[in-house]
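Engineer: Structure incoming, see below.
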Amino acid sequence: MATVFEFIAGNLARLHARVVYDRFIRSLRRSEQTRAAALKRALAQIVDSEFGRSHRLATVRTLADLRGAVPLHTYEQCRPWIERVWNGEARALFSPEVNIRMFATSSGTTARQKLVPVTDAFIADYRRGWNTFGLKMYRDHIDAFLRGILQSTGRHDEAHAPSGAPCGAITGLLAMTQKGIVRRFYVGGVEVAQLPTATARFYTLMRLGVVRDVAYAITANPATLIQMAKIADENRHELIRDVHDGSLSPRITGNEPLAPELQARLSPNPKRAAELEQLLARHGALRPRDLWHLCFVACWTGGSMGHYLPRVRELWGDIPVRDIGLLASEGRVSIPLDDNTSIGVLDLSAGVFEFIPVDEFDRANPTVLGSHELSAGCDYGVVLTNTAGLIRYRLDDVVRVHGYLEGSPLVEFLYRGGRVSSLAGEKLTENQVIAAYRDAIAKAQHRNFDFALNPVWDEPPYYCLICSDELTSAFVDELDAALSRQNAEYASRRNSFRLGPLRIMTVGKAAFAAMDERLVARQRARAEQYKRPHLFTRAEDCEAAFGKLPPIFTSPTKTLSA
């Protein structure tokens, strides 16, 4: 229960939320000045470095100057500079006064992790974006104030660079350095992130959470929300016993001694254990929707992440979902301001943003536009310059513009650049595959299932739907038609027989679980960070993900009429 002091602090926090949000809106209205300030902050981090001197950054004053001084960079082009910092040569990329606090890790498509240098200025930018997001969220959900927060974060010190800097999740550092008044309401502290497995972490969060008045859960990946609920229910009898006894199952969390901070959070609660028994008897399961009076959940909802939302709502309740924004280890791009939408306003203070029209994505010298030059309804790849030493960095997340708020574009994440397959010139995107799947599920009134689409070179080439369920020919026809509605070039090539009929391969749920484990290990990703692929762009990527697959069951689909 909140103290009188906390009630007073809560009222002050409401006023603070209004001030912070109003300040953010003013920064959008002064978009030109905000962009100039972001450029100045980014340049200050590197101007006196070897990189800065070799690119004559001391002469840069405007975005046009920057474009003349520095070409577009992929991560692999940045990697040699960053690895020198990793090995202790900070001045290769950063000015002498800049402190490297840690390296944030990001899983890529290869086994080599991306490493993002985290400076004090970058932490300030990252935290400011989260504060704006969180305080607006609280303004919209006043009943969440002074209640428990079920938050999943990673460790910031999973490893250490040769320079001695910790390496891991920047969310772990932010959680560790969060204000005490906020940390008091976290269900799990940073010690939970130190548990050895994702199962141990998720079980522990649910074990600690069931005895708290949780208002909302927040994590990047909606699959984490599903996994937390699943693990709690699969171990429901052990969970109830742990609540009753004030214990934490060593079978699930490991036999190592618990951190003192974690041990201190455990105490016997027979009353709550009895309530959980009653909920289990009433519903036949322990679901988050029955455990707490939730206000909302917060997670990614854009692109392929939207596939998980029906299951999230089934487990967590028919409550609002607040997208946390286009947010990567490399920095924040957007801040959603409303529930149940992945559209957010570009965070102009987080860095300098440029955009490549998606139809020029693969050109050697594409057109590059400023954030004020975008057109509503058009899709662009994101280019980022910020205080992490990333200069004209091709983040390559693809966004769609939905107009402007004040002076900043409203953007929606669609898909990762490069997750595009083109067997016959159709340029099928993962976003289109997800949308077609949802469309087919709704039209056929079929239950959700695990799936991934794989390109197969044959005569003619075709796509194979790898799935966990046995599917009828009628459903496959519906999915094929939905793909055609999403992508006119797909329809054209199906009608002209340049693409063969969609085929299916049923592998079962266990194959998808094994794929997830394999890819998490291969990408050296945290389970919370991992995003399951729903479209492979090369057959060898599918084979690497699934291993040896059973024979294909060919389901003939109708030839589409022109």
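Engineer: Report every pair of residues separated by at least 6 positions or lying on different chains whose Cβ atoms are under 6 Å apart, first residue within region 153-176 and within 13 Å of Ser106 (Cβ to Cβ), second in a helix (DSSP H, G or I) and of a type outside the set (Val, Ile, Thr).
Structural biologist: Partner pairs satisfying both residue conditions: Gly154/Gly172; Gly154/Ala193.
Engineer: Let me ask something additional. What single numbered condition from (1) surrounded by fewer than 20 Cβ atoms within 10 Å (Cβ to Cβ); (2) within 29 Å of the chain's Cα centre (by Cα) fails to hold for Leu279?
Structural biologist: In the conditions (1) surrounded by fewer than 20 Cβ atoms within 10 Å (Cβ to Cβ); (2) within 29 Å of the chain's Cα centre (by Cα), Leu279 misses (2) alone.
Engineer: Within region 113-139, work out how many residues are of a type in the set (Gly, Ala, Ser) and farther than 18 Å from Pro336 by Cβ.
Structural biologist: 2
Engineer: Sticking with this one: Can you spot a residue in region 297-318 that is more than 20 Å from Asn340 (Cβ to Cβ) and out of contact with any strand residue (DSSP E or B) (no Cβ under 9 Å at 6 or more places or on another chain)?
Structural biologist: Taking every residue of region 297-318 in turn, none turns out to be more than 20 Å from Asn340 (Cβ to Cβ) and out of contact with any strand residue (DSSP E or B) (no Cβ under 9 Å at 6 or more places or on another chain).
Engineer: Check whether at least one residue in region 376-391 is surrounded by fewer than 18 Cβ atoms within 10 Å (Cβ to Cβ), in a strand (DSSP E or B) and not assigned by TED's automatic domain parsing to the domain that holds Leu502, and report yes or no.
Structural biologist: No, region 376-391 has no match at all.
Engineer: Considering each residue of region 141-181, count those that are more than 23 Å from Asn221 (Cα to Cα) and among the basic types (Lys, Arg), and give that number.
Structural biologist: The qualifying residues number 1.
Engineer: Can you tell me which of Phe103, Phe122 is touching a residue at least 24 places away in the same chain (Cβ under 8 Å), aromatic (Phe, Trp, Tyr), crowded, with 21+ Cβ neighbours inside 10 Å and touching a Pro at 6+ places or on another chain (Cβ under 7 Å)?
Structural biologist: Exactly one residue qualifies, and that residue is Phe103.
Engineer: Moving on to the next point. Please specify each residue of region 323-372 satisfying the condition of being in a loop (DSSP other than H, G, I, E, B), of a type in the set (S, T, N, Q) and modelled with pLDDT of 95 or more.
Structural biologist: Asn340, Thr341, Ser342, Thr367, Ser371
Engineer: Go through region 411-470 and count every residue that is within 27 Å of Asp396 (Cα to Cα), polar (S, T, N, Q) and out of contact with any Phe, Trp or Tyr (no Cβ under 7 Å at 6 or more places or on another chain).
Structural biologist: Count: 3.
Engineer: Oh, and also: Could you run through region 373-387 and say how many residues are modelled with pLDDT of 95 or more and more than 19 Å from the chain's Cα centre (by Cα)?
Structural biologist: Of the residues in region 373-387, 9 are modelled with pLDDT of 95 or more and more than 19 Å from the chain's Cα centre (by Cα).
Engineer: Can you work out which of the residues in region 300-322 that are among the β-branched types (Val, Ile, Thr) and assigned to a loop (DSSP other than H, G, I, E, B) is nearest to Leu286 (Cα to Cα)?
Structural biologist: Ile319
Engineer: Still on this structure, I have one more. Return yes or no: is Ala525 closer than 30 Å to Ser329 by Cβ, among the hydrophobic types (A, V, I, L, M, F, W, C) and at pLDDT 80 or above?
Structural biologist: Considered against the rule, which asks whether it is closer than 30 Å to Ser329 by Cβ, among the hydrophobic types (A, V, I, L, M, F, W, C) and at pLDDT 80 or above, Ala525 comes out as no.
Engineer: Could you look through region 343-375, keep only residues that are polar (S, T, N, Q) and more than 23 Å from Thr34 (Cβ to Cβ), and pick out the one that is surrounded by the fewest Cβ atoms within 10 Å (Cβ to Cβ)?
Structural biologist: For region 343-375, the residue satisfying everything is Asn365.
Engineer: Now a separate question. Sort out for me the helices (runs of 4 or more DSSP H) sitting completely within region 12-85 that have 1 or more residues that are of a type in the set (Val, Ile, Thr).
Structural biologist: So the answer is 31-46.
Engineer: A further question follows. Would you mind telling me which numbered condition in (1) farther than 20 Å from Met305 by Cβ; (2) of a type outside the set (A, V, I, L, M, F, W, C); (3) surrounded by fewer than 20 Cβ atoms within 10 Å (Cβ to Cβ) Arg447 fails?
Structural biologist: (1)
Engineer: Within the set of pairs 6 or more residues apart or between chains, which connect a residue that is within 15 Å of Arg147 (Cβ to Cβ) and modelled with pLDDT under 85 inside region 177-192 to a residue that is surrounded by 16 or more Cβ atoms within 10 Å (Cβ to Cβ) and of a type in the set (A, V, I, L, M, F, W, C) with Cβ atoms less than 6 Å apart?
Structural biologist: Ile181/Ala9
Engineer: Sticking with this structure for a sec: So Gly134 clears everything in (1) under 29 Å from Leu262 (Cα atoms); (2) in a loop (DSSP other than H, G, I, E, B) except one condition, right? Which one?
Structural biologist: Among (1) under 29 Å from Leu262 (Cα atoms); (2) in a loop (DSSP other than H, G, I, E, B), the lone unmet condition for Gly134 is (2).
Engineer: Another one. Which of the residues spanning region 457-485 are touching a Leu at 6+ places or on another chain (Cβ under 8 Å) and either of a type in the set (A, V, I, L, M) or under 14 Å from Arg438 (Cβ atoms) (or both)?
Structural biologist: Across region 457-485, the qualifying residues are Leu465, Ile466, Leu471, Val476, Leu479, Ala481, Leu483.
The values are calculated or read from the model by the stated rules, or taken from the named source; none is laboratory data. Keep in mind that what you see is a predicted model, and the values were worked out from it rather than measured. Neighbour counts are summed over all protein chains in view; Cβ atoms, including those assigned to glycine, are modelled from backbone coordinates with ideal geometry.
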